[in-house]
Every structure is written in structure tokens, then in C-alpha cells.
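Take a look at the structure below.
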Amino acid sequence: MKKLLLTGFEPFLDHKMNPTEMIVKELDGKTIGAFEIIGHVLPVDYEQASPKLLNLVDELEPDAVIALGLAAGRNKITPERVAINVNDGVKDNSGRVPVDQPIIEGGPAAYFSMLPIREMVNALLEEGIPAEISNTAGTYLCNNVMYSVLHELEKRGGEFPAGFIHVPASFELGTQDGRLSCWPLKTIQEAVEVCIRMVN
Ligand code: PCA
């Protein structure tokens, strides 16, 4: 059976949990669509996140990669269209605050997602789950890992479904910050499963 590497992130900034961590742990080992899911959690650390992801790609030789991240404040599931060659974010979990730095010195300005993002959004909307394509993954860790994995795959010359999906906050985060748009964790997980089924 084909393997899909599904990554989430640990909590960061003042978020006490990260729904993507719970989801990848829950889906690890399950079969969804054509894939066995292999779930892993990445550190929110500019120096460690993408090396960990690229090591997993080397080690597991997956047939597809979907990285997930929390976009607190968004109220839709947002498959990302593009990753840009910039680290310029708020503090990571090791206290680093890069300013205007390239992720890969001399690398291309951007990479487009290799995931079927339009099909994902259409399938989500059909299920009644709010979704839209996002045209910016930001300049923090989520953009960093999306750019890094797409850069690596480009170097290897492979046509390979890989990319990034941002998800909204879950109820647990909503109870921490009453102004945050938040969803049941189960619905976010279902949305991720719908997206995975669109990959082949
Ligand atoms: N979201 C952050 C990093 C980790 C996460 O889950 C982001 O959007 O960059």
C-alpha cells in the first residue's frame, strides 16, 4: 500500500495545544483512501523542523506528503497554494526571530503546492465544511516546511504530491481565547481525511 507522511506541529507561542499534533497522532497507522498514514509531529523551530521532515522523507520514502499547521484566527480549512523563500516570523519555540532571511540561500522565490488543492476545497465544500485556497502560508514555520519539502522534491526531480494545509483552532484553544474562531477537533480531523482522499 502507498504511504502518506502526515505531519503536524507541536504547540507554539501561547497556544496550549496544537490540533494538528492531535490529528496526526490519531490518524497514524490508519488507512485513508489509497494510503497508509504515517503521522509525525514537527518541532516549531526554524533549525529543526525541516531537517526532521526531510529525514522522514528519506527514511520512509512516502508516496505523498501533507504537512498540517494551525492558523489560529482562520475560519476555514485552507490548503496552501504557494510557499515563499522567506523566514520572517515571530518567535519559534527556541526563541529565534529571523528577519528577512531566505530559507534556502539562492533558492527560487517560491514553489507551488503539488497537492490537488482545488479538488480538496471542492470536496470539503461538498461535505459542508468551510474551505478555500489560501495564497499565503505566512513566513513562519508552516511556510518554512512547505518550501523546504517542495525544494527537496524539485531537486530530486520527482512529480510527487506534497504540500501544506492550514486548519482553524479547535475548541480547546477557543476556551483559552474567547475571540478565536474555533471548531470541534473531530471536524478538523474529518476535513483532513477528506483532503487525503483527494490525493492519488
Ligand atoms: N502553525 C504555525 C507554525 C506551527 C503551526 O501549527 C504556522 O502557521 O506557521
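Hey, does region 26-35 have a residue that's within 12 Å of the ligand (Cβ to nearest atom) and over 14 Å from Y140 (Cβ atoms)?
The answer is no, given that none of the residues of region 26-35 is within 12 Å of the ligand (Cβ to nearest atom) and over 14 Å from Y140 (Cβ atoms).
Condition (residue is surrounded by 23 or more Cβ atoms within 10 Å (Cβ to Cβ) and acidic (D, E)) applied to region 70-81: is it met by at least one residue?
yes
Quick check, is N75 out of contact with any Leu (no Cβ under 9 Å at 6 or more places or on another chain) and farther than 22 Å from E190 by Cα?
no
Would you mind stating whether V65 is of a type in the set (A, V, I, L, M, F, W, C), surrounded by 20 or more Cβ atoms within 10 Å (Cβ to Cβ) and within 17 Å of G163 (Cβ to Cβ)?
yes
Find all pairs meeting these conditions: Cβ atoms under 9 angstrom apart; at least six residues apart or on different chains; first residue within region 3-19 and free of Cβ contacts under 8 Å to residues at least 40 places away in the same chain; second residue near the ligand (Cβ under 10 Å from one of its atoms) and β-branched (V, I, T).
P11/V44
For G33, all conditions in the list (1) surrounded by fewer than 14 Cβ atoms within 10 Å (Cβ to Cβ); (2) farther than 15 Å from V149 by Cα hold save one; what is the number of the exception?
(1)
Taking L54, is it aliphatic (A, V, I, L, M), more than 14 Å from the ligand (Cβ to nearest atom) and either assigned to a loop (DSSP other than H, G, I, E, B) or in contact with an Asp or Glu (Cβ under 8 Å, 6 or more places away or on another chain) (or both)?
yes
Please go through (1) more than 10 Å from the ligand (Cβ to nearest atom); (2) more than 13 Å from the chain's Cα centre (by Cα) for V65 and return the number of the only condition it doesn't satisfy.
The single condition V65 does not satisfy is (2).
Could you pull out the residue among G138, G157, G178 that is on the phi > 0 side of the Ramachandran plot, out of contact with any strand residue (DSSP E or B) (no Cβ under 8 Å at 6 or more places or on another chain) and either surrounded by fewer than 18 Cβ atoms within 10 Å (Cβ to Cβ) or at pLDDT below 95 (or both)?
Checking each option against the conditions leaves just G157.
Please work out if P161 is touching a helix residue (DSSP H, G or I) at 6+ places or on another chain (Cβ under 9 Å) and more than 14 Å from the ligand (Cβ to nearest atom).
no
Can you find a residue in region 52-75 that is in contact with a helix residue (DSSP H, G or I) (Cβ under 6 Å, 6 or more places away or on another chain), among the polar types (S, T, N, Q) and closer than 22 Å to S134 by Cβ?
No.
Within region 164-180, take every residue that is touching a helix residue (DSSP H, G or I) at 6+ places or on another chain (Cβ under 8 Å) and assigned to a loop (DSSP other than H, G, I, E, B) and give me the one that is farthest from the ligand (Cβ to nearest atom).
Per the criteria, the residue is L180.
Can you tell me which residue within region 127-148, out of those that are β-branched (V, I, T) and more than 14 Å from the ligand (Cβ to nearest atom), is farthest from the chain's Cα centre (by Cα)?
I129
The values are calculated or read from the model by the stated rules, or taken from the named source; none is laboratory data. Computed from a predicted structure; not experimentally measured. Reconstructed Cβ throughout: ideal geometry from the backbone, glycine too, with neighbour counts over all protein chains shown.
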